[in-house]
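Take a look at the structure set out below.
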Amino acid sequence: MTRVLILGANGQLARNTTKLLLERTDVDLTLYLRRASRLTNHNPNRITIVEGDVLDPVTLRNAMQGQDIVYANLAGDMATQARSIIDAMHAAGLKRLVFISSMGIYGEVPGERYRSILDPYRNSAALIEQSDLDYTILRPGWFTHAPEGPYRTTQKGQPFEGHEIALDSLSALVAKIVITPNLYVRNSIGVSDG
């Protein structure tokens, strides 16, 4: 059984990925969010809901106990959140992190010049890349509600292709990484529709 801690569990991508992961029988989930009342636990045998802020080190460390993978889907002061996650993972003895960022953080989108709006994503990715964690940073295009379909990935340093990704396709990739722990380790991957 793979135990996954989902940080920012009420986000659109996290909720969508949770549904997909629950289709598998070999995954247990801990859903971590600031207001637990926003979620209903339809499967208490496989889901634990924890109310907490990523910036609360004690609650975060406690939630990480016994987990195999941390999947972070956050917004806001992402650099401070990334530092908190890295510290808590060290304290809990965890290594595997899947972290959602954004396309454009390396200036890799041809013809686009994203400025300060991407600083939180850029700064958090830099901290994670400097850590000793077994991270995968995913840099998706803009989410669409198109049906799941093929997607393409690009490595850090390659031009980003496209501008969009179907939400279901991105959730499928997150689920694939969760169940294939060595996939894309210590990589920053751009993701867009294929």
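Since every read-out is calculated from the coordinates, none of them should be taken as a lab result. If you're wondering where the values come from, they're calculated on a predicted model, not measured in any experiment. Please note: Cβ atoms are built from the backbone with ideal geometry, for glycine as well, and neighbour counts cover all protein chains shown.
Test of understanding: among ILE137, ILE128, ILE105, which residue is among the aliphatic types (A, V, I, L, M), in contact with a helix residue (DSSP H, G or I) (Cβ under 6 Å, 6 or more places away or on another chain) and part of a loop (DSSP other than H, G, I, E, B)?
ILE105
Taken over the range 24-45, the criterion of being part of a loop (DSSP other than H, G, I, E, B) and closer than 14 Å to ALA9 by Cβ is satisfied by ARG34, ARG35, LEU39, THR40, ASN41, HIS42, ASN43. Among the numbered conditions (1) surrounded by 15 or more Cβ atoms within 10 Å (Cβ to Cβ); (2) part of a loop (DSSP other than H, G, I, E, B); (3) hydrophobic (A, V, I, L, M, F, W, C), the only one that ALA146 does not meet is (1). Number of residues in the range 46-94 that are farther than 15 Å from VAL4 by Cβ and not hydrophobic (A, V, I, L, M, F, W, C) equals 17.
For the range 154-194, a residue qualifies if it is crowded, with 18+ Cβ neighbours inside 10 Å, under 15 Å from the mean Cα position of the chain (by Cα), polar (S, T, N, Q) and over 20 Å from LEU5 (Cβ atoms), and the qualifying residues are SER169, SER188. If you go through the range 46-60 and keep only what is surrounded by 13 or more Cβ atoms within 10 Å (Cβ to Cβ) and not in a loop (DSSP other than H, G, I, E, B), you end up with ILE47, THR48, ILE49, VAL50, GLU51, PRO57, THR59, LEU60. Restricting the first member to the range 1-16 and to residues that are at positive phi, and the second to residues that are surrounded by fewer than 17 Cβ atoms within 10 Å (Cβ to Cβ) and not charged (D, E, K, R), the beta-carbon pairs closer than 8 Å and six or more apart or on different chains are GLY8/ALA75.
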